[in-house]
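Scroll down for the structure; my scribbles are underneath it.
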Amino acid sequence: MERTILIPTDLHVGSLNALKSCLADSTTGRFRIVLLHAMHAPSGISDLLFYSPRRALDTQMSAAFREALSILKNRFEQRIASMEILPFHGITQTAFEHFLSGLHVDEIHISLNYEMRLSDRAIDPLPFIQRSTIPVVEHGGRTTQASPDRHGVDHLQLLFER
C-alpha cells in the first residue's frame, strides 16, 4: 500500500530527521514523499514574470541537503515510491488544506527536536499543520536543549548514525 506523507523542510539537513525516522520506523509499504517548503510568493510584477518555483528552491538548497536527500533515497530505496520538493505560497489555512487535498496527503510527519531555520522569504508551516485535519506524526521527544544546529552538530552524521 502506498501512502503520501508530507514533511515540512527549511531546506537544511536537520529538517530531514522526520523523514529518516519515518522511513526507518516503517516496516511495510511504500511512500510518496512530499517535502514542503513554505515561502512568500514574489510580489513585484517583474519578479512574477521571471519567477520559477524550481529555481527558487534550487538556489536555497545546499550541497549538504542534496547529499542527505541522495543518501536517504539510496538507503530506503525500497520504501520510497517517489520524492519531490514543493513550494507552498499560500497564506491561509484554506489554501493549505487545498494544497494537502490536491496532493492526497495521508499523514504529516514532523520532528519535535528540530527548530526550523527560516530564511527571509520562508514561512513557518507549523501553525498551518497544527490546525490541519490531516493526522500529524511526531518524531523525537521535545528536549530542553537548544536545537542541534546551535551546537555545531553535523546533521548528516545525526541522520545516519544507525
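Read-outs throughout are calculated quantities, based only on the coordinates presented, and are distinct from any laboratory measurement. What you see is a predicted model; the values in this text were computed from it and never measured. Here the Cβ is made from the backbone with ideal geometry for all residues, glycine too, and neighbour counts use every protein chain on show.
Can you compute the helix-only [θ] at 222 nm over the chain? Use -39500 (n - 2.57) per DSSP H run of at least 4 residues, normalise by all residues, nearest 500 deg cm²/dmol.
-9500 deg cm²/dmol
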Practice problem: For the chain, give the share of DSSP beta bridges that are antiparallel, in percent and rounded to the nearest 5; count only bridges with both residues there. | Solution: 5
Quiz item: Given C-alpha coordinates of segment 2-159, what is the ratio Rg to Rh with the Kirkwood estimate of Rh?
Solution: 0.95
Exercise. With a length cut of 27 Å (Cα positions projected on each helix's long axis) and a Kyte-Doolittle mean of at least -1.0, go through the chain and give me the DSSP H helices that pass.
Key: none
Quiz item: Rounded if a/c is under 1.5, else prolate if a/b beats b/c, else oblate: with a ≥ b ≥ c from the C-alpha gyration tensor eigenvalues square-rooted, which is segment 36-84?
Solution: prolate
Quiz item: Where is the GNM fluctuation largest for the chain (alpha-carbon springs, 10 angstrom cutoff): Ile85, Ile33, Ile71?
Solution: Ile71
Quiz item: Given the Cα-Cα distance of Met61 and Ser82 and 0.36 nm per residue of separation, how much length would full extension add, in nm?
Solution: 5.7 nm
Quiz item: Normalised by the residues of the chain, what does the relative contact order come to in percent, with Cα pairs under 8 Å and at least six apart?
Solution: 34
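Give me the extension gain from Val137 to Asp25: residue separation times 0.36 nm, minus the current Cα-Cα distance, reported in nm with one decimal.
39.1 nm
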Quiz item: Roughly how compact is segment 60-113, stated as its Cα Rg over 2.2 N^0.38 Å to two decimals?
Solution: 1.39
Quiz item: For the chain, with the dipole built from +1 on Lys and Arg beta-carbon atoms and -1 on Asp and Glu ones, taken about the Cα centre, which of Ser52, Ser111, Ala63 lies farthest toward the positive end?
Solution: Ala63
Quiz item: For a label point 7 angstrom out from the Cα of Asn113 toward its Cβ, which stretches of segment 17-31 have the backbone nitrogen within less than 20 Å?
Solution: 17-26
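Suppose every Lys and Arg Cβ carries +1 and every Asp and Glu Cβ carries -1, with no other charges. What dipole size does the chain come out with about its Cα centre, to the nearest 20 debye?
About 220 debye.
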Quiz item: Under a no-solvent Debye model with one identical scatterer per Cα of segment 4-78, what's log10 I(q)/I(0) at q = 0.13, 0.18, 0.25, 0.28 Å⁻¹?
Solution: -0.47, -0.79, -1.23, -1.41
Quiz item: How do Thr27, Thr94, Thr9 rank when sorted from fewest to most other Cβ atoms within 10 Å of their own Cβ?
Solution: Thr27, Thr94, Thr9
Quiz item: Tell me, His40, His12 in order of fewest to most beta-carbon neighbours within 10 Å?
Solution: His40, His12
